[in-house]
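Data block below; observations after.
The values are calculated or read from the model by the stated rules, or taken from the named source; none is laboratory data. Small disclaimer: the values here were computed from a predicted structure and weren't measured. No Cβ is skipped: glycine too gets one built from the backbone with ideal geometry, and neighbour counts run over all protein chains shown.
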Amino acid sequence: MPASTSTITTSRPDSKDEATKRLRTPPVKETAPPLEVKENDFFWTYTEEPHRTRRQAIIKAHPEPYHLTHHKSLGVDGLDTDLPTALEAVFFDSLAGKAFFCTFQILFYALRPMFIYKVPFTEIHFINIAIQVLFDLFLVKTCSMHSLYYLILSSFLAGSLHPCAGHFIAEHYVFDPPETAKDPLTNTLIPETYSYYGSLNFFTYNVGLHNEHHDFPAVPWTRLRKLNAIAHEFYDDLPRHESWIGVIWRFILDDKVGMRCRVKRKEGGRKVGGWTEAEVQS
């Protein structure tokens, strides 16, 4: 499969929808600041994370801190556990390293958060572990060890060199880095979240609609297509991926794409969990 299958598409030039004026405002006089790209370094910006429309209620309604912190602190070093560490960038930014990362990426996503920051171990965690152990024991007792092996290996495969696993890379890796941190036409931030609208969303709870998910985290996966249909003028012109298989292919084989192709911020955002009412409302 050619690497071009994962090329991010841009806005359609023939679009005449009146709603696209949001992305077609007259050029501003201010010159867009350059995006400093250093060799053997991450792409850095110093802006507040761009998804401004998240719902404050979910911060208090859901206790899962790592994923919510990813939403609130997208790309912030030391907070966003979806962001590769500097150690990963050094050791896996080669063809062999990227192939290894893609093969075992489910383990990176499972273990990396514990090395970034620790969350308090609460009663709900003990209950969860107890239920999982009891279920596994029941499964082995009533069936066999093969059933447990099946669940473990299928989970590994789903996060390895599997077509659906391409979404881990497709969501936030910048395959074609821009020359400026802002769109010179609109003075808006260059997107760093990318959606995929293909058929594999049927098997992955619409996780491919990732811009929609980051804009409205409280909207359930069953309503993300409806959200896109309602506000399509805000999403039609955003860059996207057309193939998760192509994403994996290009990520491994393209020497210009790798572990360093992420927008990384030195500061900003904050950790979700244990907030006061004033912090939630700020």
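Some values worked out for this structure:
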read-out	value
Meets criteria (in a loop (DSSP other than H, G, I, E, B), modelled with pLDDT of 95 or more and either within 18 Å of the chain's Cα centre (by Cα) or surrounded by fewer than 19 Cβ atoms within 10 Å (Cβ to Cβ) (or both)) for ASN187	no
Test: residue in the range 87-104 that is surrounded by fewer than 17 Cβ atoms within 10 Å (Cβ to Cβ), closer than 23 Å to ILE248 by Cα, without any contact (Cβ under 8 Å) to a residue 60 or more places away in the chain and of a type in the set (Val, Ile, Thr)	yes
Residue match in the range 191-204 (condition: within 29 Å of THR85 (Cβ to Cβ), assigned to a loop (DSSP other than H, G, I, E, B) and modelled with pLDDT under 90)	yes
Residues (under 19 Å from the mean Cα position of the chain (by Cα) and hydrophobic (A, V, I, L, M, F, W, C)) located in the range 103-150	PHE104, ILE106, LEU107, PHE108, ALA110, LEU111, MET114, PHE115, ILE116
Selection from the range 108-123 of residues that are in contact (Cβ under 8 Å) with a residue 24 or more places away in the chain and aliphatic (A, V, I, L, M)	ILE116, VAL119
